[in-house]
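Chemist: Below: one structure in C-alpha cells.
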Amino acid sequence: MSTPLVPPSVLVIFGASGDLTSRKLMPALAELIDRGFLSPQFTVVGVARTEMSDDDFRGRMAASVEPAPQSWTEATSRFRYITGEYTSTETFGHLAEVLNEIEVSMGGICNRLYYFAAPPSTFPILINSLGQAGLNKPTTAGGFVRVIIEKPYGRDAVSATELDTVVHASFDESQVYRIDHYLGKETVQNLLALRFANAIFEPLWNRQYVDHVEVTVAESIGVGHRGGFYEEAGALRDIVQNHVMQVLALVLMEAPATMDANGIRDEKVKALRSVVNFSEHDLEQRVVRGQYAQGLSEGEKALAYRGEEGVSPHSHTETFLAMRLTVDNWRWAGVPIYVRTGKRLPKRVTEVAMHFRAAPHLAFGQKLSKKLEPNSLIVRIQPDSGISLRFGAKVPGQAFMVRTASMDFDYETQFTEEDLDGYERLLLDALMGDQTLFIRADEVAEAWRIVTPLLHAFSDPEFPLASYAAGTWGPAEADALLQRDTRKWRQP
Ligand code: BG6
C-alpha cells in the first residue's frame, strides 16, 4: 500500500442520491481508498433532496461497489448524509455543522472538495449558497476548499459566461475544477506523451506532412434511460463541445513550455482559438446532423431514437454529428479536421487518426501498390488503448508489391502498472490540487464559441436532419462530406 497522497479531506457530493454518484464516483473512491491514496480519515458527505438517513446512505454507497473490499465497507461507515433543498439556507447551515464535526473528529484541518453531481440548473444556486454560508473559504484551521463542476458547463456561450460570473463571485479560479472525464483517460493524456516526449513525431505533426485528421467518438449504445436529458443535449452538447474539443485541443496544440496546469491550458486554449468559425453559408456543406432510426445494434433489434423513453416522437435532436473543421494557424492551415460522433454506431471506439500525405512518387508502379494507403498514425483512446502506425511494406514474393502493414503498440501488454480510470484519476488530482486535467474558464468559452453557429442552425427545424439505421456508421451524407474532398472515413 502506498503512503496517502491526499491529506485528511472530505468530499461533499451534491446530487448524492443520483446515478453519477453510485455508478462512477463511489467505485472510483473505493479504488483510491483501497490503493491507499487517500488518508484513512477521508470521508464523504452526501447532500440531496431524497429523504435518507446516514445509515441508508452508507448502505447504499457500500452496495454501489461490487465486490467491495473491506476498506470500502469501513470507509462508508463514516459517511454522512444531509437531506435538503439546495435553495434552503437550512441545508447549508446543517452542512456547516456536519463539516465542523468532521473537522473536530479529524483533530484539526479538514480539507473540503465539493462535487456538483446535481442537475446543471442547480449549479448557480449551489455556488451562491456555499458562498453565502461562508463555506467557500477554509475555516480558521486552514486547508483547501475546492469545487468540481460536472458538465455541461452552461448551455451555450452566454450561459457559460454567466455561470463563470457566479462561480468567480464565490470561488477563485484556482479553486475551480471543471471536469471532463475524457481528460482522465490514460490514452488521452498519452497524446501529450506521444507528441512531446518523442523527437520523431513532432517534426511531422503539421501541414507539411499531415494531409488530414480524423477524430471519431463512436458509441454502440443508444440513449437508454437518458432520453429526457439527451433531448436537451444532443450529440453537440453531450460530446462535441466537451470531449471532442478537449481531444482536439491536445492534438492541435503547440508544445507547452512547462507541463504544469497553466502551461498546458494556455496552449490548449490557443489551439482552440485557431479553429475557424463556421459561417452561415457554408454550414450545410461542413456539418451533417443525423438521428438513428431503428436497426440492428450488435445483433439486437434497436429502437429508433424517436421511440426511446423520454424522447419526443417528432424530435429533431441529433444523435450523430459529422463535421469538417479548419484551423487558421501556421501549423494547421489547409489541413481539414474531420470529426464524427454518434450513438448506435456499429461499435464503441474513440480514436484520433493522423493521415499523412502520400509518398510523392511510387517507383514500383501503381498497379503493384494498389493496396498501399498513405501512412497514418492511429491513436486509439478506447477500447484496447494503443497506437498503430500504418506504413507500406513489401509483400513477400517475387514481385515488388507493396501493401499497408501495421505496427501496433498496445497499452495493456507494454505496461504492467495498474492504471487509474478517468474518475479515479480526476478525483485524485482534484484532491491533490492539480488542475492540469481540468478545464479552465477560457477553454470552455472557446469550445462554446466553436459550436455556437451549430447550436443556432440546429434550433431551426428546417436544418437537414439525416436518418441512419441503428448499427451503421451514420447517414450517407456523412460519407458525402468526405467524398467532396475525395477522401473517405477510416473504418476503425
Ligand atoms: C458522457 C456522455 O459524457 O460520455 C454520454 O454524457 C456518453 O452520453 C459518455 O455515453 C461516453 O463516455 P465513455 O467514457 O464511455 O466514452
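Chemist: Kindly provide the set of residues from the stretch 372-431 that are more than 21 Å from residue 27 (Cβ to Cβ), at pLDDT 90 or above and of a type in the set (S, T, N, Q), ordered by number.
Modeler: 375, 376, 388, 404, 406, 413, 414 - these are the residues of the stretch 372-431 that are more than 21 Å from residue 27 (Cβ to Cβ), at pLDDT 90 or above and of a type in the set (S, T, N, Q).
Chemist: Across the stretch 452-492, which residue is surrounded by the most Cβ atoms within 10 Å (Cβ to Cβ) among those that are under 21 Å from the mean Cα position of the chain (by Cα) and of a type in the set (A, V, I, L, M, F, W, C)?
Modeler: 454
Chemist: Going through the stretch 332-344 one residue at a time, which ones are more than 12 Å from the ligand (Cβ to nearest atom) and part of a loop (DSSP other than H, G, I, E, B)?
Modeler: 332, 333, 334, 335, 336
Chemist: Something else now. Condition (residue is at pLDDT 95 or above, within 17 Å of the chain's Cα centre (by Cα) and within 16 Å of the ligand (Cβ to nearest atom)) applied to the stretch 248-267: is it met by at least one residue?
Modeler: yes
Chemist: Mind listing just one residue for me: the one in the stretch 160-181 that is of a type in the set (A, V, I, L, M, F, W, C) and crowded, with 20+ Cβ neighbours inside 10 Å and, of those, nearest to the ligand (Cβ to nearest atom)?
Modeler: 179
Chemist: Inspect all residues belonging to the stretch 432-451 and state whether any of them is without any contact (Cβ under 8 Å) to a residue 60 or more places away in the chain, hydroxyl-bearing (Ser, Thr, Tyr) and either surrounded by 15 or more Cβ atoms within 10 Å (Cβ to Cβ) or outside any strand (DSSP E or B) (or both).
Modeler: Checking the stretch 432-451: not a single residue is without any contact (Cβ under 8 Å) to a residue 60 or more places away in the chain, hydroxyl-bearing (Ser, Thr, Tyr) and either surrounded by 15 or more Cβ atoms within 10 Å (Cβ to Cβ) or outside any strand (DSSP E or B) (or both).
Chemist: Quick check on residue 363: is it over 25 Å from the mean Cα position of the chain (by Cα) and assigned to a strand (DSSP E or B)? Outline the logic, then answer.
Modeler: On the way: over 25 Å from the mean Cα position of the chain (by Cα): yes; assigned to a strand (DSSP E or B): no.
No; evaluated as a whole, the condition is false for this residue.
Chemist: Can you pull out the helices (runs of 4 or more DSSP H) entirely within the stretch 207-297 that have at least 2 residues that are among the small types (Gly, Ala, Ser) and closer than 20 Å to residue 452 by Cβ?
Modeler: Passing ranges, in order: 227-235.
Chemist: Also, quick follow-up: Tell me, yes or no, whether the stretch 206-216 has at least one residue that is among the charged types (D, E, K, R), modelled with pLDDT of 95 or more and either touching a Ser or Thr at 6+ places or on another chain (Cβ under 6 Å) or within 16 Å of the ligand (Cβ to nearest atom) (or both).
Modeler: Looking for residues that are among the charged types (D, E, K, R), modelled with pLDDT of 95 or more and either touching a Ser or Thr at 6+ places or on another chain (Cβ under 6 Å) or within 16 Å of the ligand (Cβ to nearest atom) (or both), one finds none in the stretch 206-216, hence no.
Chemist: Within the group 324, 380, which residue is more than 16 Å from the ligand (Cβ to nearest atom), of a type in the set (D, E, K, R) and touching a Pro at 6+ places or on another chain (Cβ under 9 Å)?
Modeler: Only one candidate passes the filter, namely 324.
Chemist: Going through the stretch 274-299 one residue at a time, which ones are under 23 Å from residue 333 (Cα atoms) and acidic (Asp, Glu)?
Modeler: Hits for the stretch 274-299 are 280, 282, 284.
Conditions tested, residue by residue: (1) touching a strand residue (DSSP E or B) at 6+ places or on another chain (Cβ under 7 Å); (2) away from the ligand (no atom under 14 Å from the Cβ); (3) in a helix (DSSP H, G or I).
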site: 347; (1), (2), (3): yes, no, no
site: 359; (1), (2), (3): no, yes, no
site: 397; (1), (2), (3): no, yes, no
site: 405; (1), (2), (3): yes, yes, no
site: 418; (1), (2), (3): no, yes, no
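Chemist: Let me ask something additional. Residue 199 versus (1) away from the ligand (no atom under 16 Å from the Cβ); (2) closer than 26 Å to residue 445 by Cβ; (3) small (Gly, Ala, Ser): which is the lone unmet condition?
Modeler: Exception for residue 199: condition (2).
Chemist: Next question. Considering only the stretch 264-278, I want to know if a residue exists there that is of a type in the set (Gly, Ala, Ser), in contact (Cβ under 8 Å) with a residue 60 or more places away in the chain and in contact with an Asp or Glu (Cβ under 7 Å, 6 or more places away or on another chain).
Modeler: Checked against the condition, which is being of a type in the set (Gly, Ala, Ser), in contact (Cβ under 8 Å) with a residue 60 or more places away in the chain and in contact with an Asp or Glu (Cβ under 7 Å, 6 or more places away or on another chain), the stretch 264-278 yields no hits at all.
Chemist: I'm told residue 33 meets every condition in (1) in contact (Cβ under 8 Å) with a residue 24 or more places away in the chain; (2) surrounded by fewer than 20 Cβ atoms within 10 Å (Cβ to Cβ); (3) in a helix (DSSP H, G or I) except one. Can you identify the failing condition by its number?
Modeler: (2)
Chemist: Related question: Kindly indicate which of 142, 93, 108 is within 13 Å of residue 82 (Cβ to Cβ), more than 30 Å from the chain's Cα centre (by Cα) and of a type outside the set (A, V, I, L, M, F, W, C).
Modeler: Details: 142 fails: within 13 Å of residue 82 (Cβ to Cβ); 108 fails: within 13 Å of residue 82 (Cβ to Cβ).
The conditions single out 93.
Chemist: Looking at residue 313 and the list (1) farther than 17 Å from residue 189 by Cα; (2) assigned to a helix (DSSP H, G or I); (3) of a type outside the set (Phe, Trp, Tyr), which single condition is not satisfied?
Modeler: Unmet condition: (2).
Chemist: While we're looking at this one, here's another question. Determine whether the stretch 71-83 contains at least one residue that is of a type outside the set (Ser, Thr, Tyr) and within 19 Å of residue 126 (Cβ to Cβ).
Modeler: At the first step, the residues of the stretch 71-83 found to be of a type outside the set (Ser, Thr, Tyr) are 72, 74-75, 78-80, 82.
Remaining after also requiring within 19 Å of residue 126 (Cβ to Cβ): 80, 82.
So far as the stretch 71-83 goes, yes, one or more of its residues are of a type outside the set (Ser, Thr, Tyr) and within 19 Å of residue 126 (Cβ to Cβ).
Chemist: Here's something else I'd like to know. Is there a residue being polar (S, T, N, Q) and modelled with pLDDT under 95 anywhere in the stretch 294-313?
Modeler: Scanning the stretch 294-313, I find at least one residue that is polar (S, T, N, Q) and modelled with pLDDT under 95, so the answer is yes.
Chemist: Oh, and also: Residues being touching a strand residue (DSSP E or B) at 6+ places or on another chain (Cβ under 6 Å) and hydrophobic (A, V, I, L, M, F, W, C): count how many of those fall in the stretch 59-94.
Modeler: 2
Chemist: Yes or no: residue 353 within 17 Å of residue 230 (Cβ to Cβ), touching a residue at least 24 places away in the same chain (Cβ under 8 Å) and surrounded by 16 or more Cβ atoms within 10 Å (Cβ to Cβ)?
Modeler: In short, no.
The values are calculated or read from the model by the stated rules, or taken from the named source; none is laboratory data. Values in this document were obtained by computation on a predicted structure and should not be read as measured data. Heads up, the Cβs are rebuilt from the backbone with ideal geometry, glycines too, and the neighbour counts pull from every protein chain shown.
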